[in-house]
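Presented below is the structure to which this report refers.
The values are calculated or read from the model by the stated rules, or taken from the named source; none is laboratory data. Computed from a prediction, not measured in an experiment: that's the story for all the values here. Because the Cβ atoms are built from the backbone with ideal geometry, glycine has one as well, and the counts that use them run over all protein chains shown.
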């Protein structure tokens, strides 16, 4: 509005000056009316040429932006492999195109991961359903001679496996959606000790706890992390699982160790992929889903920590490290 008002005032001043010059009795300031007309005409031509030149330069300058926006308008979820064209000059527009292509690559990877996840999920959901259907159909074909109690027990195993899988899928959905519960200052040793007291383990569980190991975390999430690590350890342990809670440096640490066959070094990251199960795990527990360890790692990362497998003389040693609570870190300075 200010620019427009200034332009109007300037136009009014120019018009008033021209009228005064034409109405004045003295000789024209520019010598003659023809000279004045030439000056005005030349000024108008200069303004027009400047406007056309500016428009042409801006059109050429913004041409890469039109190319990028035009290509983006044609990209759909079904053709995320396509990329926007890169300008020939190294400037901000080329940087914009490169950033756009990187975003498309991340979107393509995310969609491919979701498709793979959906495929693996449907496969794992079909298995217990197919087992239940087979049991029911065989029972109906031999109604008189079937042991219905034994059939119910086998059906219950499939139902429990299906229930565990659905629970894991709901937990993954919650974690992927970024749903974070209330974080409180918790005594990690007390939390782990209480959960182990309520757990019925099939092997001997050795506890090594230090006092005063505090974490800032969500009780439900940390409990789920512990039980997932314990489920894995008890599945592979020969006779003993050792659970350790202590400080290492400034980091609160939860360690779960089993005396089983361990995990080959080259596969230590593979087991944290969703639905990934090693051959040894499939042999020991055909009903597993391959989601427990990925969920445990994601919970640790959501708490600002890490979950890794570290070297041990035998068996597998899972180590979860958490950041020291900010309140305690500030108080120790």
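Filter the range 247-278 for residues that are more than 22 Å from the chain's Cα centre (by Cα) and surrounded by fewer than 17 Cβ atoms within 10 Å (Cβ to Cβ) and give the result.
Hits for the range 247-278 are 247, 248, 249, 250, 261, 264, 265, 266, 267, 278.
Before we move on, is residue 115 part of a helix (DSSP H, G or I), in contact with a helix residue (DSSP H, G or I) (Cβ under 8 Å, 6 or more places away or on another chain) and not assigned by TED's automatic domain parsing to the domain that holds residue 60? Steps first, please.
Values: part of a helix (DSSP H, G or I): yes; in contact with a helix residue (DSSP H, G or I) (Cβ under 8 Å, 6 or more places away or on another chain): no; not assigned by TED's automatic domain parsing to the domain that holds residue 60: yes.
Criteria not met by residue 115.
Regarding the range 135-152, can at least one residue be identified that is in contact (Cβ under 8 Å) with a residue 60 or more places away in the chain and outside the structural domain of residue 224 (by TED's automatic domain parsing)?
No, the conditions are met nowhere in the range 135-152.
Does residue 128 satisfy being modelled with pLDDT under 80, surrounded by 12 or more Cβ atoms within 10 Å (Cβ to Cβ) and under 30 Å from residue 170 (Cα atoms)?
Yes, satisfied.
Of (1) in contact with a helix residue (DSSP H, G or I) (Cβ under 8 Å, 6 or more places away or on another chain); (2) in a strand (DSSP E or B), residue 206 satisfies all except one. Which?
(1)
Output the number of the condition that residue 244 fails; it satisfies all remaining conditions of (1) touching a helix residue (DSSP H, G or I) at 6+ places or on another chain (Cβ under 8 Å); (2) part of a strand (DSSP E or B).
Condition (1) is where residue 244 drops out.
Quick one: would you say residue 104 is surrounded by 11 or more Cβ atoms within 10 Å (Cβ to Cβ) and within 27 Å of the chain's Cα centre (by Cα)?
Against the criterion (surrounded by 11 or more Cβ atoms within 10 Å (Cβ to Cβ) and within 27 Å of the chain's Cα centre (by Cα)), residue 104 qualifies.
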